[in-house]
Amino acid sequence: MSGRAPSALRQRLPTIAEVLATSTRPLFSFEFFPPRDETSSRQLWQAVRELESLGPDFISVTYGASGSTRERTITATEAIAQNTTLRTVAHLTCASQSRDQLRRVIGSYAAAGVRHVLAIRGDMPGGPTEPWVRHPEGLANATELVALVRELGDFCVGVGAFPDPHPASADAELDARILVAKAEAGASFAITQLFFDVASYVSLVRRVRALGCDLPIIPGIMPITNIRQVARFAELSGADLPRTVTERVQAVADDEHEVRRVGIQIATEMSEALLAAGAPGLHYYTQNRSRATREIYANLHR
Ligand code: FAD
């Protein structure tokens, strides 16, 4: 890693909210997850360096669901904030943590020069459909976490949004009202769960606008790079893949290179359609690899 000045000591970059308000072009951003071991740490850093060269508007680092993963999240997020030129968004969830524990994590992000937090509720160990139980001294939902982060410092706060209804609510109108409540609590932007139907994104934006809320909603895109992901999709997002997508991927299921090529093609088409529909940016779930994202980026900038 380089010996650059920590981001806190560098000139203050405009926040994502400021960039969204002034930019005349869509934002590009990438999500990473904290590494498990030395090998995955090398893979993460290679992806970070390769994608840094594309000049993304921000990158984000997910927050682990359990104790040891959380420590790795904090360490990885701080390292990226301090050793790259990237505007870094630290995810934070309130699952199984007291207010005091959350305050400490927020304090360590601030000390590392991280000025952006993605305030997310998190899930129970069984996943998004397992009934949520709040920590006895913790928070009820992401809306309360937005308020806590805003209260503790000069943070620009993002939140999650759901083009396919959240598996626990399965109610698109309720999801839109919850998103508006997050904006009212102080969120400046939202990033969506992965999805494959552009019409669902457009409907979500329309519902939120109908409630009088202009929160920028950045679509989250996960390129399909192998056939196993297709099966895992519903597990991750709670929604089934649309048939138009599964048919194209299943048609080449025997050839892993073709699956990848078709997956990149689908993600490129989706990105173009989302921009045409007015999306303020595109956020890619990189899975700590750079190649698929670089290929889509190149397709979009041809
Ligand atoms: P909330 O906004 O709190 O909503 C969750 C559900 O709670 C709602 O669907 C609804 O059923 C209910 N609810 C909330 N508020 C109300 C209300 N006012 N009235 C009635 N019902 C309500 N998970 C991780 O563990 N780590 C991560 O880093 C992470 N990053 C993510 C990034 C993005 C962009 C997204 C979209 C999700 C991410 N997740 C992450 C997954 C997330 O934890 C789950 O999707 C979780 O189930 C919902 O989180 P939320 O912030 O949307 O919760």
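Details
- Enumerated strands (runs of 3 or more DSSP E) restricted to the range 1-120, each holding at least 2 residues that are within 17 Å of the chain's Cα centre (by Cα) and farther than 22 Å from R150 by Cβ: 27-32
- Matching residues, the range 195-214, being open to solvent by 10 Å² or more (accessible area, probe 1.4 Å) and of a type in the set (A, V, I, L, M): V198, A199, V202, V205, A210, L211
- Checked against the criterion of being open to solvent by less than 70 Å² (accessible area, probe 1.4 Å), free of Cβ contacts under 8 Å to residues at least 24 places away in the same chain and of a type in the set (A, V, I, L, M, F, W, C), the candidates A276, A298, A251, A292 yield just one match: A298.
- Residues located in the range 107-131, provided they are more than 8 Å from the ligand (Cβ to nearest atom) and of a type in the set (V, I, T): V114, V117, T129
- Tally of residues being closer than 17 Å to I16 by Cα and of a type outside the set (K, R) across the range 162-184: 1
- Residues (among the aliphatic types (A, V, I, L, M) and either closer than 22 Å to A170 by Cβ or surrounded by 15 or more Cβ atoms within 10 Å (Cβ to Cβ) (or both)) located in the range 108-131: A110, A112, V114, V117, L118, A119, I120, M124
- Taking the range 75-101 as the range and being more than 12 Å from the ligand (Cβ to nearest atom), touching a Ser or Thr at 6+ places or on another chain (Cβ under 7 Å) and open to solvent by less than 20 Å² (accessible area, probe 1.4 Å) as the test, the residues that pass are I80, A81, T88.
- Residue in the range 200-218 that is within 30 Å of R42 (Cα to Cα) and touching a residue at least 12 places away in the same chain (Cβ under 8 Å) present: yes
- Pick from the range 132-172, criterion surrounded by fewer than 23 Cβ atoms within 10 Å (Cβ to Cβ) and of a type in the set (V, I, T), ranking: nearest to the ligand (Cβ to nearest atom): T143
The values are calculated or read from the model by the stated rules, or taken from the named source; none is laboratory data. On a predicted model such as this, the values are computed, not experimentally measured, just so you know. Neighbour counts run over all protein chains shown; Cβ positions are idealised from the backbone, glycine included. To get the accessible areas, we keep the full protein, side chains included, count just its heavy atoms, and leave off ligands, DNA and RNA. Shrake-Rupley method; radii C 1.70, N 1.55, O 1.52, S 1.80 Å.
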